[in-house]
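These notes are about the structure you will find just below.
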Amino acid sequence: MVVAVVGASGLAACGSDSSDGDKAGNAGQSGASGAGGAGGAHAGSAGSAHAGSSGSGEAGANNAGDSAGGDSAGGDSAGGAGGSDYGMAGEGGAIPVWPPPPAVQALSPLPPLPADPTNLYADNAAAAALGQQLFFDKRYSGALKVAGELGEVGDTGKVACSTCHLGGAMSDGREPFIVTKGTDLHTRNAPALVNSSFYEWTNWGGRFAAQWELPLAVAENPRTMNSTRLKLAHFIYDNYKDSYEAIFGALPAALDPTAADAARFPATGKPGETAWDTTMTSMDDKAAINRIIVNYGKALQAYMRKLVSRNAPFDQYVASGGGNLSESAVRGSLLFVGKAKCSACHSGPFFSDNKFHNLGVPLAMIGGVPVADDGRFADGAALKASQLNIDSAFSDKTDTGRLAALSNPTTDVTLHAAFRTSSLREVKDTAPYMHAGQFATLEAVVSFYNAGGGEPVTGSTKDPLLTPLALSSAEQADLVEFLKTLSGDPVPSSLLAPP
């Protein structure tokens, strides 16, 4: 088959990034309705111009493919048939034909997991098994601060990692919550964990450079698990000693409550509390506890790296024309790389540029009160200041250079209220959307982008990439149908429960 779009009005080259323009220009080989070739014309430029856009030499009659378009303001652009502005034939019942253009092909397949040299246990099977046990264990969580379905205020042992990461994509879609509810209400919605190991930065604001840095902060956060590192170290000693020591080596014998020197390690405490800051006088003892907590995180990362979903219908379509994609979904894929400009940020097979953007999304609402969130501006500084980050002695590779551009405090003012570009894989299963669940449906998200985003909060500037898109209702519906094809094979059920 040919890379073409065939309809009543002839053939048009499909929009692509300028880097793929020469390939897209080969689209006009042969087709239906007597369509001629588009020759060597290029489709689009700079990732935003589209084949068949206004001023690009549209041709609305049969044999439209003979028109190659001229050098338009957006770059060398192939003329579109029937006046469509994203490289589709006009309103004549156009039917996309496989294979898709290069810009669409570049979105598949999902590659192998990137290695994480900062965690020597990242792909250790025993570490993953321990991490899975810890992921579903509620017993080390602290007291609830709000009453509800999890228990009464003051109840302990009610929250596990899995409490807020559940379902097919392992995100938090519990009703009627928008932001996540653990021991208290958080200011953000728990992001999906399936395929999360492909991110370069962990969490909405990139607070962590490696997945193993995240679990300690979650365990100690009063809003999520409300525990402490001393409590967790004792818990691991009391309940997972053999498994832990088989992987990471011996735990301090003084963690045994019957040990003569057990007083070295109070039952609970973390930095900022007397038990940690004053009672524990030995820096070596503090380092030993921190090592246990880091290894706890490394085990959880090994488990999370198993939460991978591939072979989405879209991947099947790109590979062989399979996947049973509807015509609407295929049209949506062309819009995604063309007129809608989605791939400017949701790029590559992971559908994320791993960068941070201010979209002007509404503020989070906690109990009816708006709560500001400075995103990467705050989280990048906190990452740089962390004593347990990838540059610390607890990392297995301290010279990655990834934190070199960060500062504390952050100096890049464009990062105010900027959040990480979310992957769109599994997106139909991860509602509500945005960092604080501001939108309930994919339709609402597409409508938000179609309007050019929202109004940025005071003191921040919306990313200039966001501009009104002028998508019709039908085009917005096509985009939604495409997004629904990005959910792959389910994660094995054996990984979704305690081992």
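Below, the figures for the structure above:
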| read-out | value |
| --- | --- |
| R0 of 22 Å, Cβ-Cβ distance residue 267-residue 494: FRET efficiency to nearest 0.05 | 0.05 |
| FRET efficiency, 1/(1 + (r/R0)^6) with R0 45 Å, evaluated for residue 98 and residue 139 via beta carbons | 0.30 |
| Entries in 341/484; 231/397; 158/270; 286/397; 241/384; 231/298 that, when Cα-Cα distance is taken, lie over 25 Å | 231/397; 241/384 |
| Residues with amide H under 5 Å from that of residue 97, placed H, sequence gap 5 or more | 4, 6 |
| Distance in nm between pseudo-label sites at residue 441 and residue 467 (7 Å out along the Cβ direction from Cα) | 2.9 |
| Burial order of peptide ranges 465-477, 406-418 (average beta-carbon count within 10 Å, highest first) | 406-418, 465-477 |
| Pairwise Cα inverse-distance average, inverted: Kirkwood Rh of region 430-494 (Å) | 13.8 |
| Karplus (6.51, -1.76, 1.60) ³J(HN,Hα), θ = phi - 60°, over region 187-202, in Hz, Gly and Pro reported as x | 9, 10, 9, 4, x, 5, 9, 5, 6, 5, 6, 7, 5, 7, 10, 9 |
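Read-outs throughout are calculated quantities, based only on the coordinates presented, and are distinct from any laboratory measurement. Just so you know, these numbers come straight off a predicted model, no measurement behind them. Here the Cβ is made from the backbone with ideal geometry for all residues, glycine too, and neighbour counts use every protein chain on show.
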